[in-house]
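> Here's a structure for you.
The values are calculated or read from the model by the stated rules, or taken from the named source; none is laboratory data. Keep in mind the model is a prediction, meaning the values are calculated, not measured. So basically every Cβ, Gly included, is an ideal-geometry build from the backbone, and we count neighbours across all protein chains shown.
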Amino acid sequence: MKLKKDSHQKNIGINGNFMYLPHIHKKLNSIIHTHESRDPFKIAKDKRIFILEEELGEIFGYYNRIKRIQFIHINTSLSEDLKLFVCSHELGHCICHSNENTPQLSSMSITSEMKVEKEANYFATNLIIDGRHKELQLPTKYEILDYYGLPWYLDRYIYSRI
């Protein structure tokens, strides 16, 4: 399905691979409102999504579904900040791509140009960034990302109204 772009739509994309952001943002706002939280671990628990922490080597995490049961797998060796991002990213897959097989998240794929990965990165970045930084008057996207413990290369996923 091709989406028409008009002045009320915000799309981002690279190499012609566009994401329709209002749709993702609407899902994100609904999740935050319904669960009264931005904590991906709490949201996953509320939605009966199982989170498994395990040794995954170089893999940060991945999402899978067996029958109707959803699982988020997170590498136990990650820092707490990175575990939060990985859980948020994989939760994005659970919500936005629940019926798709998605690739594993690793240091190599975190900057992937695949549409589903960009959408999960957008979802995760905007789930974690809750607005607390506004009181500090951080002038750049990079300072905002640093404040939340997010890597600099997620700068393109910061929602324009943040």
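> Would you check which residues across segment 118-160 are assigned to a helix (DSSP H, G or I) and of a type in the set (Phe, Trp, Tyr) and list them?
In the first step, residues of segment 118-160 are kept if they are assigned to a helix (DSSP H, G or I); the result is 118-128, 132-136, 141-147, 152-157.
Those that are assigned to a helix (DSSP H, G or I) and of a type in the set (Phe, Trp, Tyr): Tyr122, Phe123, Tyr142, Tyr147, Trp152, Tyr153, Tyr157.
Residues checked against (1) at pLDDT 95 or above; (2) farther than 16 Å from His97 by Cα; (3) polar (S, T, N, Q); (4) in a loop (DSSP other than H, G, I, E, B):
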position	(1), (2), (3), (4)
Gly13	no, yes, no, no
Ile24	no, no, no, no
Asn29	no, yes, yes, no
His33	yes, yes, no, no
Lys45	yes, yes, no, no
Asn64	no, no, yes, no
Ile72	yes, no, no, no
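> How many residues are over 15 Å from Pro40 (Cα atoms) and either surrounded by 12 or more Cβ atoms within 10 Å (Cβ to Cβ) or touching a Gly at 6+ places or on another chain (Cβ under 8 Å) (or both) when one looks only at segment 119-148?
In the first step, residues of segment 119-148 are kept if they are over 15 Å from Pro40 (Cα atoms); the result is 119, 131-147.
Still in the running and either surrounded by 12 or more Cβ atoms within 10 Å (Cβ to Cβ) or touching a Gly at 6+ places or on another chain (Cβ under 8 Å) (or both): 119, 133, 138, 141-147.
Looking only at that region, the number is 10.
> Is it true that Ser98 is of a type in the set (Gly, Ala, Ser), at pLDDT below 90 and within 15 Å of Lys47 (Cα to Cα)?
Taking the combined requirement at face value, the residue satisfies it.
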